[in-house]
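Enquirer: Take a look at the following structure, please.
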Amino acid sequence: MDLQDLVSQENLQLQKLADLVKNSIDEEQMLTSRLIAIEQDQNISWGQKLSDKVADFGGSWFFIVSFFAVLIFWILLNLSYFNDQPFDPYPFILLNLILSCVAAIQAPIIMMSQNRKEDKDRRRSRSDFMINLKAEMEVRNLHGKIDLLITEQMKVLFSIQQTQTELLQKIERSVEKLTAKN
């Protein structure tokens, strides 16, 4: 086996190892993307969408500012405009009733939205855990493949070294024969 054959054999082994690593990484990415796609493709009902929108609106500055504007408008309207006969006189019992109803309806809707978001976070955490676990397994596989590569390269290097030693011995014998003739 000459030096050219050893080098080509080593290149072939390196190419096989590179293909193995590439295929393994592609397979892991495909599995991970499938898992995430399955988690995201769950159908959301109309009620869940509505509860998310109500929770988003109820937790915004726009809601707070507009709510205070309506309260101030209601109070001023009843105190000044309808001075003789206000539709909701001073203790604003109707306003209190409306506020209580809004709070009673808004609270469970926000709770539903929060529960959904917790479930979503739980699924995301599970997906992250699975991705991390797969990455750890892939790192272990890569370590094993690198160890195998180092072992194979050492065999090739020892083989090349042996071939070089044999060539040096041939050259040495040839030089000795030439020196002996002279």
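The values are calculated or read from the model by the stated rules, or taken from the named source; none is laboratory data. Predicted, not measured: the structure shown is a model, and the values here were computed from it. Using ideal geometry, Cβ is built from the backbone for each residue, glycine included, and neighbour counts are taken over all protein chains shown.
Enquirer: Go through region 66-80 residue by residue and tally those that are without any contact (Cβ under 8 Å) to a residue 12 or more places away in the chain and surrounded by 10 or more Cβ atoms within 10 Å (Cβ to Cβ).
Expert: Residues meeting the conditions: 10.
Enquirer: Follow-up. Taking the condition assigned to a helix (DSSP H, G or I), modelled with pLDDT of 85 or more, over 30 Å from T165 (Cβ atoms) and of a type outside the set (A, V, I, L, M), does Q48 pass?
Expert: no
Condition check ((1) closer than 30 Å to M130 by Cα; (2) of a type outside the set (K, R); (3) modelled with pLDDT of 65 or more) across all residues:
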| position | (1), (2), (3) |
| --- | --- |
| M1 | no, yes, no |
| D5 | no, yes, yes |
| E10 | no, yes, yes |
| E28 | yes, yes, yes |
| S33 | yes, yes, no |
| I38 | yes, yes, no |
| D41 | yes, yes, no |
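Enquirer: Let me ask something else. Test E138 against the criterion of being in contact with an Asp or Glu (Cβ under 8 Å, 6 or more places away or on another chain), farther than 21 Å from A69 by Cβ and assigned to a helix (DSSP H, G or I), and give yes or no. Before the answer, list the steps.
Expert: Details: in contact with an Asp or Glu (Cβ under 8 Å, 6 or more places away or on another chain): yes; farther than 21 Å from A69 by Cβ: yes; assigned to a helix (DSSP H, G or I): yes.
Considered against the rule, which asks whether it is in contact with an Asp or Glu (Cβ under 8 Å, 6 or more places away or on another chain), farther than 21 Å from A69 by Cβ and assigned to a helix (DSSP H, G or I), E138 comes out as yes.
Enquirer: Can I ask one more? Please go through region 118-154 and pick out each residue that is surrounded by 13 or more Cβ atoms within 10 Å (Cβ to Cβ) and either of a type in the set (D, E, K, R) or without any contact (Cβ under 8 Å) to a residue 12 or more places away in the chain (or both). Please lay out each step first, then the result.
Expert: Going residue by residue through region 118-154, those that are surrounded by 13 or more Cβ atoms within 10 Å (Cβ to Cβ) are 120, 123-124, 127, 130-131, 134, 138, 141-142, 145, 148-149, 152-153.
Correct list: K120, R123, R124, K134, E138, K145, E152.
Enquirer: Which residues, counting only those in region 60-115, are of a type in the set (A, V, I, L, M, F, W, C) and not in a helix (DSSP H, G or I)?
Expert: F82, F87, F92
Enquirer: Hydrophobic (A, V, I, L, M, F, W, C), within 30 Å of Q9 (Cα to Cα) and out of contact with any Pro (no Cβ under 7 Å at 6 or more places or on another chain): which single residue out of F87, F158, F92, F82 fits that description?
Expert: The conditions single out F158.
Enquirer: Being hydrophobic (A, V, I, L, M, F, W, C), more than 24 Å from V7 (Cβ to Cβ) and more than 51 Å from the chain's Cα centre (by Cα) is the filter here; which residues of region 137-181 pass it?
Expert: Within region 137-181, V175, L178, A180 qualify.
Enquirer: Follow-up. So for region 81-89 (the condition being over 30 Å from Q164 (Cβ atoms), modelled with pLDDT of 75 or more and surrounded by 13 or more Cβ atoms within 10 Å (Cβ to Cβ)), does at least one residue qualify?
Expert: The answer is yes, given that some residue of region 81-89 is over 30 Å from Q164 (Cβ atoms), modelled with pLDDT of 75 or more and surrounded by 13 or more Cβ atoms within 10 Å (Cβ to Cβ).
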